Structure formats: structure tokens, C-alpha cells
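Structure, as C-alpha cells:
No value in this document is a laboratory result; all are computed from the given coordinates. All figures in this text were calculated on a predicted structure; none of them were measured in a lab. Because the Cβ atoms are built from the backbone with ideal geometry, glycine has one as well, and the counts that use them run over all protein chains shown.
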Amino acid sequence: MSVKSVSKMSIKYPKIKSDNKQRVFIVFYSNGKRYRLFNGSKINSNLYPNSYPLAKRYEVAQLLAAEVFKYISSGLSIQEPLKVINKSDLKCFKLALNNKLKGEYSDKYKSMLRFIYDSFTAKLTDENITSNDVNSYLNHYVLGVSYNTIKRHLSVLINEARNIGMNSNPMDGIRSKKTKAKLHKPYNDIKLILEEIKLFNDNLYLCCVMTYGCLLRPHREIRELTWSDFSDDLKYIHLSGNRNKSGRNRIVPVPSYVKDILVKGEPHHNIFSGRQQPLNQDYFKTLWSRFKKQSNALEQGQTLYSFRHSGAIEIFKRTGSITKLQKAMGHSSINVSLTYLRGLEIAELQEEDMPMV
């Protein structure tokens, strides 16, 4: 590779910016030309800031900016062809998994990615990954829901591998299976079911009340809450982007009927365990399964998540506002909320809209 002389006096430190999709990128000038880099591929760097959760991207982008500055300060030009380091598909796939495992994702998500990697690579007979390999792997999953879940996680690893250097796209042309929508049936009588849960277990009762009243997700957002997540007067919950599914910081109001049953503990103690460590990730799933076996009030299709759906229905019925529902649910866009509403069994037609005789 030839090296062009670059005047260090003319080099300014790269700036970090973001676009309307919340992707971060590096902006800088080299030899009078403006550059915008979303990753380090052009300088032989394995830094890909946008493969990380939103809360982590700026930090990784700072590292990339430092590497870019060092690169152009050494006299190397972005315009020159870089030496291509050939990696096999399998090598890129392995690096993709490692990158994802470094991200601030839930243990459950990382465990699923590890499972996908291990089970998929166990069936490969070559260093290259083809569409036939993907099809053969996915076809072991007969049920549409399982097929689509595995496909979605496999796509995450494939896309990351392509960012790293995989030239082909073995997911190209592979479609998801059509599945019948499964609704979390809302509760018609919230007080009745909550009274039954209260007699069964206090922790499950608090979880269900908060799922309904605060619209938080039970298995992570609620289970991992500490007292420091609450305001001093317990009127609000503050969740950082790495603590909720949307990836954005959230401030959630706490209704009075939830606040009245809270007994504040040590700031960094979990609200359920009374220790710094939260209860295990299957804690509420196990409790709910036990409750379901002895419940007289539960109906077919009603789940722990039905409390969140029921709360969403109440907000939409009272306000009629998709925007308010979106903010309350912590959805990334109104389109997500519109999709969500289609699963809430809200009738689009009223009786007065029907044909008259």
C-alpha cells in the first residue's frame, strides 16, 4: 500500500453524529474530502458501533473516532484501496456471535444466539454458508412460530457477519412462515383476578398490578426493578435504555394504587428479592404456571402479559390517542402501536356503523 503525506496541521479530530434511524457515524475530512463512516471496515477495524444497543453506540463510536484519527494522522488515505483480509463465512459468523455477546443484551437473548450458533454450525460441512444450509436448518422447525423465531435470531447473526466481511447473503429469498395471530386475551374483571392473585402470592400480585398499571414488561423490566429506579416519592419509575426493550430511556408514572402497596427498601436492592441480585429469570413464569393450575377466574388465552394488554386497552378507550398509547407502552414508533392494537380485540366498527333495515 502506498502512503500519501498528510499534513497533521490540517487534520481535525472526527466528529460523532447520528441519523434519524439513531445510527451513529463518524464525520471527518481527509485530503480536502468529507467522509462519513458507519463502521471501521475502510480502515481495517472491527468496530461496528451500530451493532450495539442504543445506549452503547456512542461509546463505541468514540473508539472508532480515535482509530480513524490515528489512521489518517499516520498518513494513510481513505481513498486508497485497503488490503483485504479474507475471512471464511464461518469465521465471520463466529466473530458475529462474539460481537453480539459483548453487547448489553439480556442473558436470555444471548443464550438464544449461542444456541443458534451451536446448532447451525454443527450441521455445516463447509467453511462457506449457503442458502441451502439455512433452509436445511430452518426446515427442522415445523411450527411457524418456532421457525420464525429461529429465523429472526439467525438473521441477526448473518447480518452482523456480513458487516464484518461475509460477501454473500444466505438469508436472501428465505421468507417467514405465515402464522395465526395468538392474542393475549384481556381481562374483563381486573379486580376479580387481582384479588385471587393477591391471596396466592404477594410478589406475583405486585408484578401483575405493575404490569397493568405501569405497562412494564414483567419478566425483565419489572423483575429487575430496584428502589433506586423510583423517584423519592415513588411517583415515577426511571428506566435507562439498556433496561427496556425499546432501547430508549423511559419515565413511567406510578398509579396511586400501585404506590400504596410499595414498601421502600435500600436504594440498590431489588424490590422483590430484597437483595442486590434480582430473582431468577423464570421466577414469575414459574409462579404464574402454579397459579394457573389452581385459579378459578382465569379464562383460556389469558396470560401474565394480558395485564399489559388490558392496561393498553384502557388507555386507548379513555384517550382514543395512538400517540399517547405509543408513549405509554414504550413503543419505538406509532406503527408498532398500530400493529399492537390489532391484537387487542378492539372492535373497529360500532353498532351504529352497521347497515340499517
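Please find the FRET efficiency linking I174 to T303, where r is the Cβ-Cβ separation and R0 is fixed at 30 Å, and quote it to the nearest 0.05.
Computed FRET efficiency for I174 and T303: 0.50.
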Along segment 256-271, Karplus-curve 3J(HN,Hα) (6.51, -1.76, 1.60; θ = phi - 60°) to the nearest Hz, with x for Gly and Pro, reads 4, 6, 7, 4, 5, 9, 7, 10, 5, x, 5, x, 9, 8, 5, 6
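When every alpha-carbon pair in segment 89-164 is counted, what percent end up more than 18 Å apart?
Tail fraction, whole percent: 35.
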Please report Rg over Rh for segment 190-342, where both radii come from the alpha carbon positions and Rh follows the Kirkwood definition. 0.95
What is the distance in Å between the Cα centres of segment 147-226 and segment 11-58? 32
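For each pair in K185/K235; K42/K102; K293/K324; K178/K293, compute the distance between the two Cα atoms and list the pairs where it is over 27 Å.
Flagged as over cut-off: K185/K235; K293/K324; K178/K293.
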At a Förster distance of 30 Å, what's the computed FRET efficiency of Q22 paired with N201, Cβ-Cβ distance as r, to 0.05? 0.15
What is the dipole size for segment 8-73, taken about its Cα centre, with +1 at each Lys and Arg Cβ and -1 at each Asp and Glu Cβ, in debye to the nearest 20? 240
About the Cα centre, and with charges only on the beta carbon of Lys, Arg (+1) and Asp, Glu (-1), how big is the dipole of segment 41-173? Nearest 20 debye, please. 260
Which entries in the list K21/K94; K110/K327; K108/K327; K100/K151 go over 20 Å, if you measure between the two C-alpha atoms of each? K21/K94; K110/K327; K108/K327
Specify which residue in the list S310, N270, P255 is farthest towards the positive end of the charge dipole of segment 190-342, using unit charges on the beta carbon of Lys, Arg (+1) and Asp, Glu (-1), about the Cα centre. S310
Candidate aspartates and glutamates - alpha carbon under 20 Å from K70, same-chain residues fewer than 8 apart omitted: E59, E80
